[in-house]
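Here the structure is laid out as structure tokens; the discussion comes afterwards.
What follows is calculated from the coordinates using simple rules that are stated; it is not laboratory data. Bear in mind that the values here come from a model prediction, so they are computed numbers and not experimental data. So basically every Cβ, Gly included, is an ideal-geometry build from the backbone, and we count neighbours across all protein chains shown.
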Amino acid sequence: MKVTKELIIEHFPCKSPYCFINEIIEVNADHILASYLFKQNEFFFAGHFPGNPVVPGAILQEAAAQIGLLAFGMYLLGNGIEVLSDLPVELPAALLTMKLPDVAALEKKMNNIFYLTSANMDYKYFVKPNDKIFVYAEKVFFRLNKLKCKVRIENQDKVLISKGIMSGVVIKAK
């Protein structure tokens, strides 16, 4: 089964109002480029600088992680570009209950656990309601179930919003 951009969006484990990916523009073994439009009625705008709302940095980081680690990881694993290792990992009980789709095995309804391990992002500009962001993530490495990427966020005018390094880990469901 080839995992396409459309299949990733269809089976993306994050749902509204906490899904920050609208379209995967391009993806291959080395990088992903995807976008998200921050609509006027996003849940956080009412309380984050009322009268002059901006997207919180934590939400921008979440968007970068969803696109640059989760969606990209789903593509890499789902197409057999990368494979998971059987590593003995101890996780907090709360994480063990958080099951996300394994796109490579959708027919079998198998699950893997994805989580962010580190993010070092520098913020250069703000994002307002009705701004569209483009997240570009380039693979630094994928080994021992860890995906590390250089991430860059720009707006629709190609203004740099944020850039940095993010890492996440995938744990094989048993």
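Among residues other than residue 38 with Cβ under 11 Å from its Cβ, the summed charge is +1 (Lys and Arg +1, Asp and Glu -1). The length gained by stretching the chain between residue 125 and residue 16 to full extension, at 0.36 nm per residue less their Cα-Cα distance, is 36.7 nm. Estimated at 0.36 nm per residue, the fully extended path between residue 26 and residue 144 surpasses their Cα-Cα distance by 39.9 nm. What is the local net charge at residue 155, summed over the other residues whose Cβ is closer than 12 Å to its Cβ (Lys, Arg +1; Asp, Glu -1)? That sum, taken over residues with Cβ under 12 Å, equals +2. The 3J(HN,Hα) values that the Karplus relation (6.51, -1.76, 1.60; θ = phi - 60°) gives for region 9-24 are, in residue order, 4, 4, 9, 5, x, 8, 10, 4, x, 10, 10, 10, 8, 9, 8, 9 Hz. Gly and Pro appear as x.
What is the sum of charges, Lys and Arg at +1 and Asp and Glu at -1, for the other residues whose Cβ falls under 14 Å from the Cβ of residue 28? It works out to a net charge of -1. Taking 0.36 nm per residue of separation and subtracting the current Cα-Cα distance, fully stretching the chain between residue 6 and residue 84 would add 25.8 nm. Amide H contacts of residue 31 (H built 1.01 Å from N, in plane; Pro and chain starts excluded): 139 sit under 5 Å, all sequence-distant by 5 or more or on other chains. Sorting 30-36, 79-85 by their mean Cβ neighbour count within 10 Å, with the most densely packed peptide first, gives 30-36, 79-85.
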